[in-house]
Amino acid sequence: MSERMRPPERLRRAVIADLKPVKPLRSPGRRALEVALWGVFALLVTPAVFGIRHDAALLGIMLTWGAAVLEVVAGVLVVGLALREAVPGSGIGRRRAVAALVAGAAVQSAVALLTWMGGPPSAAAQAMSHSGAKCFAMQGMLGLPALMLTVFLVVQALPVRPPWAGALAGLGAGLLADGVWHLVCPVCTLRHLLLWHGAATVAMVGVGFLLGVAWEHRRTRQVGALVGERR
Amino acid sequence: MSESERVEDELPLLMLAYQGGDALAFDYLYTVLAPGLLGYLQSLTRDRGRAEDLLQETFMQLHKARATYLHGRPVKPWVYAIARNVFLMQRRAATRRGRREVLVDEELPEVPIPPEVESLADREMVRRALARLPDDRREVLVLHHIMGMSFKEVGAVLGISEGAAKVRAHRGVVQLREIIGVGVEP
């Protein structure tokens, strides 16, 4: 080994001082299962606590449990993409990230559309007595734990494009929350579903994106300071 | 099997040993990866001294993130993605501090030259032409032609698709030919 190619002594000392064995991260798919556990838990507990939507019989199993499970699965898949994006050199790229965001929005919109088409004709009257803000808040409460867990897993992997990973994490959490709350929310007007439920998911994407930006700022400051120190 | 192929095969095993706490594995990884990384960082920064600083920071980040290397995956895209990220963060931090980085053509250091265009003109002319390429095109040429990465790996480093990496490389070579003034082959 030539002298020139050896690590500088300062770097080597810093590395050796911290050279304990580390457990390699599990694959993004397997880590996404941790978020899936929250999804399953919420899917089972939320209807038990708040009661299942009163028009469940009319909508049928596919438009209630089927749609809910579809959204939760889609959410977990997007979380998997976020975790993959977070691993350096394994990123899915901007184009695929945008495609995932569009696909996620399409899944939620499709569920909303089908629910509106299959819902009771008096849905507009129900909507009058139901606060959209409540749905927004409940989806936020259901989605935040999933978002925080996903962001924690994302940060563990040292993402090179944190805002993108954060936005995907937000979308995954938003879809999961919408899927769960779909079992409870009694309103099936298109306006309510797209406006309030959609806004909850968009807000989750925004929060994820901003968390990614904040983390990127923090790391930029750290790295900038360290390199500046050496100069 | 060539020497470089043998080293490529060894990299995942070295990473495994490094994750297991083997100091010699770190030394060997540095020996194998540092020259290429330095060339890459130099092509990004166009400043030898800054590239050396970033190289050290890259290995520090690589050390902190060693658990994130996934077994069975190629090592180089992982390492180069971290190096690129270190460069981008440092550049962003400098911009925030209000320090503008002015690149003077005459002061450009050695930028690696792809073999595809080396024969077109003398090294100095190619070096200057390469330096005039947009960053994204030059980066793809350096990663593919100099560092020997596949387009799939280049895409993984840059966060773009394999196809997009190919298109950028092709446009880069065409633009290089135009700058040098040898025209485009049919």
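Every number here is computed from the coordinates shown, using simple stated rules; none is lab data. Treat the numbers as computed from the prediction; the structure is a model and nothing was measured. Note that each Cβ is placed from the backbone with ideal geometry, even for glycine, and that neighbours are counted across all protein chains shown.
Sequence neighbours fewer than 8 away in the same chain don't count; with that in mind, list the lysines whose C-alpha is under 30 Å from A:K20.
B:K64, B:K76
Whole angstrom only: what separates the Cα centroid of segment B:1-75 from the Cα centroid of segment A:4-54?
23 Å
Decide, for chain A, between rounded, prolate and oblate: order the square roots of the alpha carbon gyration tensor eigenvalues as a ≥ b ≥ c, take rounded if a/c falls under 1.5, and otherwise choose prolate if a/b is larger than b/c, else oblate.
prolate
If neighbour count is taken as other Cβ atoms inside 10 Å, put B:Y28, B:Y18 in order from fewest to most.
If I rank by nearby Cβ atoms, fewest first, I get B:Y28, B:Y18.
Using only helices, what value at 222 nm comes out for the protein assembly as shown when you add -39,500 (n - 2.57) per DSSP H run of length 4 or more and divide by the total residues, to the nearest 500 deg cm²/dmol?
-23500 deg cm²/dmol
Could you list A:S90, B:S150, B:S161 so that the one with the fewest beta carbons within 10 Å of its beta carbon is first and the one with the most is last? Could the numbers behind the result be given before it?
Details: A:S90 23, B:S150 15, B:S161 18.
Ordered from fewest to most neighbouring Cβ atoms within 10 Å, A:S90, B:S150, B:S161 come out as B:S150, B:S161, A:S90.
Roughly what would the spin-label model give for A:A17 and B:R6, points 7 Å off Cα along C-beta, in nm?
Placing both labels 7 Å beyond Cα along the Cβ direction yields 3.7 nm.
Fewest first, what order do A:L101, A:L144, A:L168 take by the number of other Cβ atoms within 10 Å?
Ranked by crowding around the Cβ, least crowded first: A:L144, A:L101, A:L168.
Defining a contact as two alpha carbons under 8 Å apart and six or more residues distant in sequence, what relative contact order in percent does chain A show?
For chain A, the relative contact order is 29 percent.
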